[in-house]
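Have a look at the structure below before the remarks.
Only the coordinates and a few stated rules stand behind these numbers; no lab work does. This is a predicted model, so every value here is computed, not measured. Cβ placement follows ideal geometry from the backbone for every residue including glycine, while neighbour counts extend to all protein chains displayed.
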Amino acid sequence: MRIATWNVNSVRARLPRILPWLSEKRPDLVLLQETKCLPEQFPAEEIEELGYNLALHGQKTYNGVAILSKQPIEDVVRGFGDEEFDGEARVIGATVGDVLALCVYVVNGQEVGAPKYDYKLRWMERLGTFLRERYDMGEKVVVAGDFNVTFDDRDIYDPDKWRDRILCSTPEREALAGILDCGLADGLRHFTDEGGIYTWWDFRTRGFQRGNRGLRIDHFLLSPPALAACRGVEVDLEARAGDKPSDHAPVVATFE
DNA sequence: ATGGTGGGTTCCCCA
């Protein structure tokens, strides 16, 4: 089984890249972030024609998450069930086979010290609480998405430049570690200690084209049974190249 | 190069 996470930066704008990618790669389960549309605006028919079932959680203009699955999708959950946070469509979860999947789009935070930064830290704390309260880590739990945080300096092309900046600050990293505290592991780091593996490259600085100037902020967090079944986590760099890409590459985890 | 590009919306916000 292969599970992918991909921040597509608008599912409608990205459809010419998403459809061929689904046809070619045929992932079993796909977790999308930043769909940026209401459920009724989602290009459902085109994706269903490729053999996927859908579960959607969207809003106008911003955010939006979705689950695409070859297998039936059961027990769909949208949001934390906490009105303080659920005005934004950032979380959708479901059961697919024996996998409990949660698709997350963590708050970006704008810049360190901004009001949105404080909101980001509180949002991440709430995600940790949600996971502790609602998930049995003895099951195959896969929490994946755009976390908008690097784990450490191996995840940054230029750590000195990014030191203490948004996506890289110590409080954000501590908040991310707090999410893992319930028993999840960084899937990619189970397989490699190498740096230089990135999932996002800034459009504005043309970081992808100008020498792989990226950050790793899209992650697979795995419970012990999910980690035991995982055979690899890889970034699909081809999907970040070419015409009209998202600023994020898909990350694909393979399971036995 | 404290800018830039890209997506959605509306005369600007967000990333």
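Rank by packing, highest mean first: peptides A:129-136, A:112-119, A:166-173, with packing defined as the count of other Cβ atoms within 10 Å averaged across residues. Each step should come with its number before you reach the end.
On the way: A:129-136: 15.9, A:112-119: 13.8, A:166-173: 18.9.
Descending packing order for the listed peptides: A:166-173, A:129-136, A:112-119.
Given a cut-off of 25 Å, name the pairs among A:Lys25/A:Lys116; A:Lys36/A:Lys140; A:Lys116/A:Lys161 whose C-alpha atoms lie farther apart than that in the structure shown. Table pairs above 25 Å Cα-Cα are A:Lys25/A:Lys116; A:Lys36/A:Lys140.
Residues whose amide H falls under 5 Å from that of A:His219, counting only those 5 or more places apart or on a different chain, are A:Gly145, A:Phe147, with hydrogens built in the peptide plane. If you take the alpha carbon atoms of the range A:1-84 and fit the smallest convex hull around them, that volume is 98 Å³ per residue. Working note: Debye formula, equal point scatterers on the alpha-carbon atoms of chain A, no solvent; log10 I(q)/I(0) at q = 0.08, 0.09, 0.11, 0.16 Å⁻¹ is -0.27, -0.34, -0.53, -1.24. Computed about the Cα centre, the dipole magnitude for the range A:50-119 is approximately 360 debye when only Lys and Arg (+1) and Asp and Glu (-1) carry charge, each at its Cβ.
Note: relative contact order over chain A, using C-alpha pairs below 8 Å and six or more positions apart, is 19 percent.
Report the chymotrypsin sites (Phe, Trp or Tyr not before Pro) located in the range A:163-213 that are in a DSSP loop and have at most 16 other Cβ atoms inside 10 Å of their Cβ, or state none.
Values: sites: A:Phe191, A:Tyr198, A:Trp200, A:Trp201, A:Phe203, A:Phe208; in loops: A:Phe191, A:Tyr198, A:Trp201, A:Phe203, A:Phe208.
Of the chymotrypsin sites (Phe, Trp or Tyr not before Pro), the ones in loops of the range A:163-213 whose Cβ has at most 16 other Cβ atoms within 10 Å are A:Phe191, A:Phe203.
Quick check: net charge around A:Leu32, other residues with Cβ under 13 Å of its Cβ, Lys/Arg +1 and Asp/Glu -1? Present the calculation step by step, with values, prior to reporting the outcome.
Details: positive: A:Arg12, A:Arg14, A:Arg17, A:Lys36, A:Arg90; negative: A:Glu34, A:Asp146, A:Asp218.
Residues close to A:Leu32 contribute a combined charge of +2.
Counting beta carbons within 10 Å around each of A:Val106, A:Val65 and listing the fewest first gives the order A:Val106, A:Val65.
Kindly work out what percent of the DSSP beta bridges joining two residues of chain A are antiparallel, to the nearest 5. If we restrict to bridges inside chain A, about 75 percent are antiparallel. Dipole size of chain A about its Cα centre, with +1 on Lys/Arg Cβ and -1 on Asp/Glu Cβ: approximately 720 debye, rounded to the nearest 20.
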